[in-house]
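So the structure is just underneath, and the comments pick up after that.
The values are calculated or read from the model by the stated rules, or taken from the named source; none is laboratory data. Everything numeric here is computed off the predicted structure, so don't read it as measured data. Cβ placement follows ideal geometry from the backbone for every residue including glycine, while neighbour counts extend to all protein chains displayed. Surface accessibility is based on the protein's heavy atoms, side chains included, excluding ligands, DNA and RNA. Shrake-Rupley method; radii C 1.70, N 1.55, O 1.52, S 1.80 Å.
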Amino acid sequence: MGHIRIRTEVPGPQSQALMRRRDAAVPRGVTHSTPVFAASADGVCVTDVDGNVYLDFAGGIGVMNVGHSAPSVVAALRDQANRFSHVCFSVLPYESYVSLAERLARLSPGNFPKKTLFVNSGAEAIENAVKIARHATGRPGVLCFEDGFHGRTLLALSLTSKVEPYKLGYAPFVADVLRVPYAYCYRCAYRADYPACRFTCVDEIEHHFKRHADPRTIAAVVVEPILGEGGFVVPPSGYLARLATLCRGYGILLIVDEVQTGFGRTGRLFACESEGVEPDLLVIAKSLAAGLPLAAVIGRAELMDGPVKGGLGGPYGGNPLACAAAHAVLDLFEPGDLLRRSEAIGFAGAKPSGRRSKRTLDDGRRPVR
Ligand SMILES: Cc1ncc(COP(=O)(O)O)c(C=O)c1O
């Protein structure tokens, strides 16, 4: 690991010059949380173009859970690039796609036959999960949650809850999307009190089914096990399981979006493991491939096999470089050290302090683990 070092004003002169070029060449909609330009990165440190070294708390928005430039990931990428970088799995298949699918089916929750589809981004994986669910059920509707985030493409954006900046000016959105409040106890939409309420927010979904949409028209519930963009809201333990039961009762498929919570964020490989929930379709991305664009839908084999030949896929999904990186990432996670470390750090940092965390962590509920 490098050492933090600030040697110029921030942003430094090189970053300022690049930012002027960036302003002229790149749309303002692509924003930045920091005004400095990256030159290199290693472990938890990033060096900017002026030679300043920072601790990286963002990790490319939860993408670098194994750290920057992990040597085994870099070696796997070099090796794969020397052999071939692209042939398109739909044209000429290769082993690493298949073995990654096998590996993720083994590592993901659910003791039933599973199959895995690889695509390029979390949003694309969400879109495909909904397509697969609609195909399997013959139903159009999708139920999602207030404060949820599922991406920026049109269907994913229709499921995303935040107006500014994500949805502002992009209407109309996809029809047949039903949105209900999440188990956000600190700002409970129903002013209920957990645990006495015993999940009013789930019971209320049944009322939505009476007032707004026939449950027989709903293909899937799409849910984050912990809200990410919506403010890192940890629902009470048992919430996800209640949703799963509700889904089962109406023949609705449960799509769990672990794009952000996956790969050690909660001390487990996937957050829904701690809730004992087995999603019908699990959506993953971000830290799956340490920065290479790779996302996946892992699902019950019979659902995944619904779409006809050619109904899923694309040139880049499961690109050989991304698959090589993902195998190297799983090699780092599978021994368990990273997960144990994540759990230890998470619990050390989860001491109640201040109003918000007292309500979210000290009222009988526990953070997911
Ligand atoms: C929970 C969740 N779902 C979906 C997405 C969309 O993923 P992507 O930006 O790779 O399309 C994100 C991205 O931040 C996310 O956090």
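Mind listing just one residue for me: the one in segment 64-106 that is among the aromatic types (Phe, Trp, Tyr) and within 28 Å of PRO279 (Cβ to Cβ) and, of those, surrounded by the fewest Cβ atoms within 10 Å (Cβ to Cβ)?
Initial filter on segment 64-106 (among the aromatic types (Phe, Trp, Tyr)): 84, 89, 94, 97.
Filter once more, so that each one left must be within 28 Å of PRO279 (Cβ to Cβ): 89, 94, 97.
Working: PHE89: 21, TYR94: 16, TYR97: 19.
Once the filter is applied, the top-ranked residue is TYR94.
With respect to LEU154, is the statement that it is of a type outside the set (Ser, Thr, Tyr), touching a Cys at 6+ places or on another chain (Cβ under 7 Å) and within 13 Å of the ligand (Cβ to nearest atom) true? Before the answer, list the steps.
Working: of a type outside the set (Ser, Thr, Tyr): yes; touching a Cys at 6+ places or on another chain (Cβ under 7 Å): no; within 13 Å of the ligand (Cβ to nearest atom): yes.
Spelling it out, it is not the case that LEU154 is of a type outside the set (Ser, Thr, Tyr), touching a Cys at 6+ places or on another chain (Cβ under 7 Å) and within 13 Å of the ligand (Cβ to nearest atom).
With respect to VAL130, determine if the residue is of a type in the set (A, V, I, L, M) and open to solvent by 20 Å² or more (accessible area, probe 1.4 Å).
Working: of a type in the set (A, V, I, L, M): yes; open to solvent by 20 Å² or more (accessible area, probe 1.4 Å): no.
It is false that VAL130 is of a type in the set (A, V, I, L, M) and open to solvent by 20 Å² or more (accessible area, probe 1.4 Å).
Output the number of residues of segment 189-230 satisfying the condition of being in a loop (DSSP other than H, G, I, E, B) and not small (Gly, Ala, Ser). Before you say what the answer is, go through the steps one by one.
Keep residues of segment 189-230 that are in a loop (DSSP other than H, G, I, E, B), which gives 189-199, 212-214, 224-230.
Subsequent filtering for residues that are not small (Gly, Ala, Ser) retains 190-191, 193-195, 197-199, 212, 214, 224-227, 229.
The total comes to 15.
Considering only segment 45-63, I want to know if a residue exists there that is surrounded by fewer than 16 Cβ atoms within 10 Å (Cβ to Cβ) and among the acidic types (Asp, Glu).
No; the residues of segment 45-63 include none that is surrounded by fewer than 16 Cβ atoms within 10 Å (Cβ to Cβ) and among the acidic types (Asp, Glu).
Based on what the data block shows, is ALA123 in contact with a Ser or Thr (Cβ under 6 Å, 6 or more places away or on another chain), under 27 Å from LEU288 (Cα atoms) and part of a helix (DSSP H, G or I)?
Working: in contact with a Ser or Thr (Cβ under 6 Å, 6 or more places away or on another chain): yes; under 27 Å from LEU288 (Cα atoms): yes; part of a helix (DSSP H, G or I): yes.
Considered against the rule, which asks whether it is in contact with a Ser or Thr (Cβ under 6 Å, 6 or more places away or on another chain), under 27 Å from LEU288 (Cα atoms) and part of a helix (DSSP H, G or I), ALA123 comes out as yes.
Take the residues in segment 241-274 that are of a type in the set (Gly, Ala, Ser) and at positive phi; name whichever of them is surrounded by the fewest Cβ atoms within 10 Å (Cβ to Cβ).
First, the residues of segment 241-274 that are of a type in the set (Gly, Ala, Ser): 241, 244, 249, 251, 262, 264, 267, 271, 274.
Going one step further and asking which of them are at positive phi, we end up with 251, 264, 267.
On the way: GLY251: 12, GLY264: 23, GLY267: 21.
Out of the qualifying residues, it is GLY251.
Each row is one residue, and each column tells you yes or no for (1) within 16 Å of the ligand (Cβ to nearest atom); (2) among the charged types (D, E, K, R); (3) buried (at least 18 other Cβ atoms within 10 Å of the Cβ).
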position: SER158; (1), (2), (3): yes, no, yes
position: ALA171; (1), (2), (3): no, no, no
position: VAL174; (1), (2), (3): yes, no, no
position: TYR182; (1), (2), (3): yes, no, yes
position: CYS188; (1), (2), (3): no, no, no
position: ARG191; (1), (2), (3): no, yes, no
position: ALA196; (1), (2), (3): no, no, no
position: PRO215; (1), (2), (3): no, no, yes
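HIS135 is checked against (1) within 21 Å of PRO225 (Cα to Cα); (2) in contact (Cβ under 8 Å) with a residue 40 or more places away in the chain and fails just one. What number does that condition carry?
With (1) within 21 Å of PRO225 (Cα to Cα); (2) in contact (Cβ under 8 Å) with a residue 40 or more places away in the chain applied to HIS135, the lone miss is (1).
Filter segment 226-240 down to the residues that are without any contact (Cβ under 8 Å) to a residue 40 or more places away in the chain and within 19 Å of the chain's Cα centre (by Cα), then identify the one that is most open to solvent (accessible area, probe 1.4 Å). I'd like the intermediate steps shown before the answer.
The first filter runs over segment 226-240 and keeps only residues without any contact (Cβ under 8 Å) to a residue 40 or more places away in the chain, leaving 232, 238, 240.
Next, from what is left, pick out any that are within 19 Å of the chain's Cα centre (by Cα): 232, 240.
Numbers: PHE232: 151, LEU240: 7 Å².
The residue in question is PHE232.
What's the number of the condition PRO109 fails, among (1) in a loop (DSSP other than H, G, I, E, B); (2) open to solvent by 60 Å² or more (accessible area, probe 1.4 Å); (3) modelled with pLDDT of 95 or more?
The single condition PRO109 does not satisfy is (2).
Do you know which residues across segment 275-302 are open to solvent by 10 Å² or more (accessible area, probe 1.4 Å) and on the phi < 0 side of the Ramachandran plot? Steps first, please.
In the first step, residues of segment 275-302 are kept if they are open to solvent by 10 Å² or more (accessible area, probe 1.4 Å); the result is 275-276, 278, 280, 286, 290-293, 300-302.
Hits for segment 275-302 are GLU275, GLU278, ASP280, LEU292, PRO293, ARG300, ALA301, GLU302.
Which residue pairs have Cβ atoms closer than 6 Å, lie 6 or more positions apart in sequence or on different chains, and pair a first residue in segment 258-278 that is over 20 Å from ARG242 (Cα atoms) with a second residue that is of a type in the set (Asp, Glu)?
Pairs that qualify, where the first residue is over 20 Å from ARG242 (Cα atoms) and the partner is of a type in the set (Asp, Glu), are GLY267/GLU343.
Spot the failing condition for LEU77; the list is (1) assigned to a helix (DSSP H, G or I); (2) within 21 Å of ARG300 (Cα to Cα), and only one is missed.
The failed condition is (2).
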